[in-house]
1. Report the FRET efficiency, 1/(1 + (r/R0)^6), for ASN101 and LEU124, where r is their Cβ-Cβ distance and R0 is 35 Å, rounded to 0.05.
2. Using a 1.4 Å probe, how large is the accessible area of TYR89, given in Å² and rounded to the nearest 10?
3. Using the beta-carbon distance between TYR89 and GLU63 and R0 = 25 Å, what value does 1/(1 + (r/R0)^6) give for FRET efficiency, to the nearest 0.05?
Amino acid sequence: MATVVAVIFMGGSASAVMFGGLKAGSEAIGAAAPSLESMRDEQGYFAQRLLRNENEPDATVDESRVEEVTTILWRALREGEMEGADQSYLAALISEQSRLNQRQAEQRVEDLIEQAQSAYEQALEAVDEAREAAAWTAIWLFIALLAGAFFAAFCATMGGRQRDAVLTVID
């Protein structure tokens, strides 16, 4: 009887480990999802920020230019640096749109690239943490399921032995 209680307790521990691992993995993935979602939302923000004219706050920004700037920014983020031709083109585009001089436009591009790179790296770190948590969750889930299979086989053996030990008296 004590063996059965110990086996049930150990089985409960295995399920606690399994559900704890699942909870930790889902929390890590849940924490990474907003980071990726915010990066997707911010791609247009960075482009609009580059093109905005601070002297005319009501001025609208052409959406085709926003998409073009966004494409250039994402390429720069993926590559880790922006090519000189792209940086010059963006500075000229910003200078035209926001009515800044060329040097101010170049400085705006450099500052924004640093900020965007920082946000991109934070999102990648969150994704890596979620990936690592998912890997650990999978490992612990496997261990818990393996322990559950072992304890089920052990309990079946114990139950079979108890069943076989019962004597049936026939009148």
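1. For R0 = 35 Å, the calculated efficiency reads 0.50.
2. Number for this one is 100 Å².
3. Efficiency computed from Cβ-Cβ geometry: 0.85.
The values are calculated or read from the model by the stated rules, or taken from the named source; none is laboratory data. Model, not experiment: these values are computed from the prediction. Here the Cβ is made from the backbone with ideal geometry for all residues, glycine too, and neighbour counts use every protein chain on show. Ligands, DNA and RNA are excluded from the accessible area calculation, which covers all protein heavy atoms including side chains. Shrake-Rupley method; radii C 1.70, N 1.55, O 1.52, S 1.80 Å.
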